[in-house]
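Colleague: Can you keep this structure in mind? I'll have questions shortly.
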Amino acid sequence: DIRLDKTFSVAEYGQQISNRNPITTDSSISSSPASDSKDLIVDNNFSTGWQGQSGDYITFSLKNNASVDNISIAWKEKSMNTRFQIQASSGGGQFITVYEGNAEASNKFIDYKYDKTSASDLRIVMLK
């Protein structure tokens, strides 16, 4: 299961998001396979979330080709031993992997940092 902050937030490079309040957000979230549970990622309820199997992904559309270098994810306890990738796209449907690692099931937000990139979409892909 994946749980992101109340809203998916993008801040200008070098700026902090105080108290996790969004500076810039976008409302477009899609998943493969298609699922209504994608909307549970930003419902501010830790008991709900999106669940994906190997190969499933969730994609966030970003505004104005945002510069991004990290994402905070809260994994549920049953996410142990889950591998995932964070991928970015600058358009055209081609995604590059900017981070790959293991889920840290903690029921709290974990920051995953990667090299700054401009992206129109950010995707989390479940590997295992």
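Colleague: Run down Ser118, Ser72 and say which single residue is at pLDDT 90 or above and either among the hydroxyl-bearing types (Ser, Thr, Tyr) or out of contact with any strand residue (DSSP E or B) (no Cβ under 7 Å at 6 or more places or on another chain) (or both).
Modeller: Working: Ser72 fails: at pLDDT 90 or above.
Just a single option satisfies the conditions, and that option is Ser118.
Colleague: What's the number of the condition Tyr57 fails, among (1) open to solvent by 30 Å² or more (accessible area, probe 1.4 Å); (2) at pLDDT below 90; (3) closer than 21 Å to Ala119 by Cβ; (4) not polar (S, T, N, Q)?
Modeller: Condition (2) is where Tyr57 drops out.
Colleague: Please count how many residues of the range 66-102 are of a type in the set (Gly, Ala, Ser) and either crowded, with 16+ Cβ neighbours inside 10 Å or in a strand (DSSP E or B) (or both).
Modeller: Applying the first criterion (of a type in the set (Gly, Ala, Ser)) to the range 66-102 yields 66-67, 72, 74, 79, 88-93, 101.
Keeping just the survivors that are either crowded, with 16+ Cβ neighbours inside 10 Å or in a strand (DSSP E or B) (or both) gives 66-67, 72, 74, 79, 88-89, 101.
Count: 8.
Colleague: Would you pick out the residues in the range 33-47 that are surrounded by fewer than 16 Cβ atoms within 10 Å (Cβ to Cβ) and either of a type outside the set (Gly, Ala, Ser) or modelled with pLDDT of 80 or more (or both)?
Modeller: Pro33, Asp36, Asp39, Asp43, Asn44, Asn45, Phe46
Colleague: Out of (1) part of a strand (DSSP E or B); (2) open to solvent by less than 30 Å² (accessible area, probe 1.4 Å), what's the single condition that is false for Ala105?
Modeller: (1)
Colleague: Additional query: Name the residue that is most open to solvent (accessible area, probe 1.4 Å), counting only residues in the range 108-125 that are closer than 22 Å to Thr48 by Cβ and assigned to a strand (DSSP E or B).
Modeller: Asp111
The values are calculated or read from the model by the stated rules, or taken from the named source; none is laboratory data. Since we're looking at a predicted model, the values are computed, not measured. Methodologically, a virtual Cβ is constructed for each residue, glycine included, from the backbone with ideal geometry; neighbour enumeration extends over all protein chains shown. Please note that ligands, DNA and RNA were not included when accessible areas were found on the heavy atoms of the full protein model with its side chains. Shrake-Rupley method; radii C 1.70, N 1.55, O 1.52, S 1.80 Å.
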